[in-house]
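The values are calculated or read from the model by the stated rules, or taken from the named source; none is laboratory data. In this text, all values refer to a predicted model and were calculated from it rather than measured experimentally. Heads up, the Cβs are rebuilt from the backbone with ideal geometry, glycines too, and the neighbour counts pull from every protein chain shown. Each accessible area value is taken on the protein alone, full model and side chains, heavy atoms only, with ligands, DNA and RNA left out. Shrake-Rupley method; radii C 1.70, N 1.55, O 1.52, S 1.80 Å.
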Amino acid sequence: MTRKKRHSKHRHSPPLALRATLYKFAWQAMLAFVASSVGFCLLFRWLPLPTTAFMLNRHVEDFRYETTFKSIDYHWVGANRIAPAAYQAVIASEDQRFFDHAGFDFRSIQAAVDNYAEGRRLRGASTISQQVAKNLFLSPSKSFVRKGFEVWFTLLLETFWSKERILTVYLNIAEFGDHLFGIEAASRRYFGSPASQLSRPQAALLAATLPNPLRLKAARPSSYVHARQQWILRQMRHIVYPR
């Protein structure tokens with residue numbers, strides 16, 4: 001019986017050569033992923049972004065659910081062509097401790113966990129850095145694996161990019177409406193002027209739609225959006241953007 005069990009175990013174990021090949025492939029794949037992700041982060045530290053994973057996913061959804069192609073309205077602009085009010089508005093709205101953390105706001109994460117433990121709805125605690133990592137490199141699906149990749153890319157961005165670069169990329173790739181991405185395209189569509197001329201109320205209105213720009217519309221703001229806009233304007237008084 002013992003001899004039979006040993007024979008069975010040996011029979012179902014992969015050969016040593018195959019295991020060595022699999023280990024080698026796994027290490028090579030991991031090294032290739034690390035090298036490519038670091039390379040892309042370094043490349044986009046300076047270059048404009050032609051597209052993002054989130055934008056590409058919008059096209060996938062178009063073909064999957066509507067079987068049609070819809071173009072994306074997206075125009076990249078540099079930091080000097082974005083009004084300071086836009087920076088202040090998204091910091092006030094999305095991540096008021098942006099300049100104090102290294103990519104993860106553990107106080108907000110703890111508060112979200114405490115709220116959930118008390119039976120309230122689980123609210124998001126993602127920082128601007130995490131949102132850039134997710135929108136730029138990953139799909140919008142929710143899983144622990146994707147969250148792990150999000151942590152990795154967030155660390156890379158905080159390591160290789162400046163805070164200003166993270167904010168500039170965020171403003172350029174954030175979704176502000178159906179197939180509408182970036183502060184420049186949003187400013188021209190909703191206000192008929194470039195992002196460099198955004199006023200504080202206009203910037204606050206755009207920021208007010210960010211939690212769900214497909215439902216919270218800047219073109220036809222609801223009472224909730226107006227109330228959120230006013231809250232953001234009050235918060236902007238305390239936001240000092242170092243520029």
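Test residue 153 against the stated conditions and say whether it is out of contact with any strand residue (DSSP E or B) (no Cβ under 8 Å at 6 or more places or on another chain) and of a type in the set (Phe, Trp, Tyr). Yes, satisfied.
Yes or no, residue by residue, for (1) modelled with pLDDT of 95 or more; (2) within 14 Å of residue 96 (Cβ to Cβ):
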residue	(1), (2)
200	yes, no
208	yes, no
217	no, no
223	yes, no
228	yes, no
239	no, yes
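The condition (being open to solvent by 60 Å² or more (accessible area, probe 1.4 Å), outside any loop (DSSP other than H, G, I, E, B) and at pLDDT below 95) is satisfied by just one residue among 123, 146, 58, 107: 107. Note on the range 159-179: among residues that are in a loop (DSSP other than H, G, I, E, B) and open to solvent by less than 20 Å² (accessible area, probe 1.4 Å), the one that is nearest to residue 136 (Cα to Cα) is 174. Determine whether residue 192 is closer than 23 Å to residue 83 by Cα and open to solvent by 10 Å² or more (accessible area, probe 1.4 Å). Spelling it out, residue 192 is indeed closer than 23 Å to residue 83 by Cα and open to solvent by 10 Å² or more (accessible area, probe 1.4 Å). Of all residues in the range 195-243 being touching a residue at least 60 places away in the same chain (Cβ under 8 Å) and touching a strand residue (DSSP E or B) at 6+ places or on another chain (Cβ under 9 Å), which is most open to solvent (accessible area, probe 1.4 Å)? Per the stated criteria, the residue is 210. When the range 126-145 is filtered for residues that are of a type in the set (S, T, N, Q), farther than 18 Å from residue 102 by Cα and free of Cβ contacts under 8 Å to residues at least 40 places away in the same chain, the ones remaining, listed by number, are 141, 143. Among the residues that make up the range 129-142, is at least one of them part of a helix (DSSP H, G or I) and more than 15 Å from the chain's Cα centre (by Cα)? No, the range 129-142 has no match at all.
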